[in-house]
Structures are given as C-alpha cells and as structure tokens.
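**Q** What follows is a single structure, and I will ask about it in a moment.
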Amino acid sequence: MIQVVDEAKQEAVREACALLRAGEIVALPTETVYGLAADALNPDAVAKIFAAKERPSFDPLIVHIRSLGDLQQVALVPEAIAETVSQLAAAFWPGPLTLILPKHPDIPDLVTSGLPTVAVRQSAHPVFRAVQKAFGRPIAAPSANRFGRISPTSATAVLKELGGRIPLVIDAGACGEGLESTILSIEPRPHKKPIFRIHRAGPITKEQLQEFGKVEKMKEAPENQPCAPGQLPSHYAPMTPLILLENPADFHPEPGKKYGLLSYRGDDDGPYVALHDWEQVEALSPGSGKLAEAATRLFFVMRLLDEAGLDAIIAEPLSETGLGVAIMDRLRRASARP
C-alpha cells in the first residue's frame, strides 16, 4: 500500500501506471468509493477484476475516461442525444454521474457483460485523475471489494476485502461522497426534453437532473440480467444480517441475540434508539441529520457494525428525498439477502 502525501503522489502514480500497463489491477481512490482499476481495453486485465472480486460475468463494469473528448474512444453517442450528453458532462463531469451509452467496438465484451451499451463516467478524484492522465487509456473500475459486499470508502477497507488478491492499493484517505455514482440512460424525444431513466440512485439527485430532462424511475432488472452496474436486488451487504426496520413496532428481538442499530441521528430519545437496549449504536449523521454526511458515512458505519460481533443489524429508514433516495436504495439492497 502507498499512502499519498505530497511527494508520495508521483511515486503512487508511477507504480499504479506501471502495473496497469503490465495488465495488472490496482485499487485507486475515487470521490465515491475505492475502485479496482484495470486497462479497460485489455480483456485479460479486466478478467483479473472479476476474479479478484469474485464478480459474476453478467454484471457489467463502469469505464472511466479522462475528459469528454475521450468519450468517442469508448462510446458511440447517437446524434439524437449528443447535445444532452454534452450538457450533462458540462454540469456533472468530472463527478459521480455515469451515463449508459452505445459501446465502441474497441470495448471488450467482458467489460459490458455482452451488452451493446457501456457505462461511462469521469472521476473527480485528483489521484485517480493523475493516474488516468499518466496512463492515457480508459480505465475499468468497479468498487474494490468482494462481490455483493460493503463498498470500501477507505484503503483499510480495501485491504480487509481484497488483501493478498491485488498487487497495490493507493491510500488517499476517505472518499468524499461515500456512495457510488448515479447511473442513468437517455431516451430522446423530438422537440421535448429527453427522458432520463435512473438505473442506480447516487450523489447526483433527481432534483439536479430535472433541469436537463424528465426523470423516470427504472424498473428493477431481472435476476442475473442487469443492464447496468449495481442493479442486483442483493448488494452492498454486510456479513451480519441487516434488517431495514421501516416501522419500529415491527421489531421483535429474539432472547439472547445481540442487536446493533444503524441510526440516522443517534438521538437518545428517538423512536429507534429508545426501542431496545442495543449492543451498539452507530449514527450516520450524529445529532444533525444531514443527508450529505449520512451518505459519506453509510458504508463506514455499516462496516463498524458488521465487525462488532452482532447477530443482526437493525437499520433505521431515512426520508426518501434528495440523497435519501440513494441511501435507502443501498439499505434495501443490503437487507435483501439471497
């Protein structure tokens, strides 16, 4: 592991690029979560991502590009949505927005799980951007964790998930957003704003996107047939069973079992904190109830509770407005154990 502090940044970039050019995989920080990176145009390198993560081949990857100018290397943008793509890129790139577009023939089928489309975004993290600039090629980078598990928002979490499976982790501290990117596809409409279908809720909210198009909810993907990353019903899950408790009255603890609470604010007089003598309580936004803080802390707090030796984690629901939509999406998928 290389920690990025001042002079170590150049060394980290050199080592990461050397491994990527050699067809290896590297864990890199992004603004959302840590990603497991490989040369997106090298199918042998991409196969190492799937092997290290134990990720099924039917779940496609996100491809990262340096700038909008590089989009033509990975996607074939239809004329009908070209202006909208440019508008979204100007507003949200670099940043946590992923677009589903027709794929370029140079993108290996393994990257897209055989789909005719590719998921594309441009990361805003300075270390990821420095590596991408020096490497000079598109980078495939899903979250750097075992498939279906809690996404890593720190290098320490990456090591807990993939230690011994990958040659290098670049440590640049905690991720700023804490939730994976918003994923959407675009449907053109003559003389009207296009329709945006959100495949995965994320830091770029419905309210932000409405300026550019009409946002409609995407139907749940069929089992084992996702058309974008992060769509499986069970995902982002701790090893400890997680129960999303929409109504406090539905909680019926079993004698002798240890329960922890994943709370929004952690208020002592709140309906969930006061519900039970919890073994451990962790708050997403202690006292203040700020959705941005809750999003940043979600996977960190979930991991703390997962490592606490509990029999079950009880999660308190959040209001599904703004970032709350993405947080509740992750909690629902984490609770939908196969």
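The values are calculated or read from the model by the stated rules, or taken from the named source; none is laboratory data. Nothing here was measured: the structure is a model prediction, and the numbers come from that model. Here Cβ is always computed from backbone atoms with ideal geometry, including for glycine, and neighbour counts include all displayed protein chains.
**Q** Looking at (1) over 24 Å from I62 (Cα atoms); (2) buried (at least 17 other Cβ atoms within 10 Å of the Cβ), which one does A237 not meet, given that it meets all the others?
**A** Among (1) over 24 Å from I62 (Cα atoms); (2) buried (at least 17 other Cβ atoms within 10 Å of the Cβ), A237 violates only (1).
**Q** Report those helices (runs of 4 or more DSSP H) wholly inside region 36-112 carrying at least 2 residues which are hydrophobic (A, V, I, L, M, F, W, C) and out of contact with any strand residue (DSSP E or B) (no Cβ under 9 Å at 6 or more places or on another chain).
**A** Where helices (runs of 4 or more DSSP H) fall fully within region 36-112 and carry at least 2 residues being hydrophobic (A, V, I, L, M, F, W, C) and out of contact with any strand residue (DSSP E or B) (no Cβ under 9 Å at 6 or more places or on another chain), they are 43-53, 79-92.
**Q** Still on this structure, I have one more. Is it the case, given these coordinates, that A134 is in contact (Cβ under 8 Å) with a residue 60 or more places away in the chain, farther than 18 Å from A228 by Cα and in the same structural domain as Q10 (by TED's automatic domain parsing)?
**A** Taking the combined requirement at face value, the residue satisfies it.
**Q** In region 64-93, how many residues are in contact with a His (Cβ under 8 Å, 6 or more places away or on another chain) and touching a residue at least 60 places away in the same chain (Cβ under 8 Å)?
**A** 2
**Q** Related question: Do we find that A51 is small (G, A, S) and buried (at least 22 other Cβ atoms within 10 Å of the Cβ) in this structure?
**A** no
**Q** Examine region 99-115 for a residue that is closer than 23 Å to A130 by Cβ, in contact (Cβ under 8 Å) with a residue 60 or more places away in the chain and surrounded by fewer than 22 Cβ atoms within 10 Å (Cβ to Cβ), and state whether such a residue exists.
**A** Taking every residue of region 99-115 in turn, none turns out to be closer than 23 Å to A130 by Cβ, in contact (Cβ under 8 Å) with a residue 60 or more places away in the chain and surrounded by fewer than 22 Cβ atoms within 10 Å (Cβ to Cβ).
**Q** Would you mind listing the strands (runs of 3 or more DSSP E) fully within region 256-333 where at least 1 residues are under 14 Å from I243 (Cα atoms) and not assigned by TED's automatic domain parsing to the domain that holds G178?
**A** Qualifying strands (runs of 3 or more DSSP E): 259-263, 312-315.
**Q** Another question, then. Conditions: (1) in contact (Cβ under 8 Å) with a residue 60 or more places away in the chain; (2) closer than 26 Å to M302 by Cβ. P188 meets all but one. Number of the miss?
**A** P188 satisfies every listed condition except (2).
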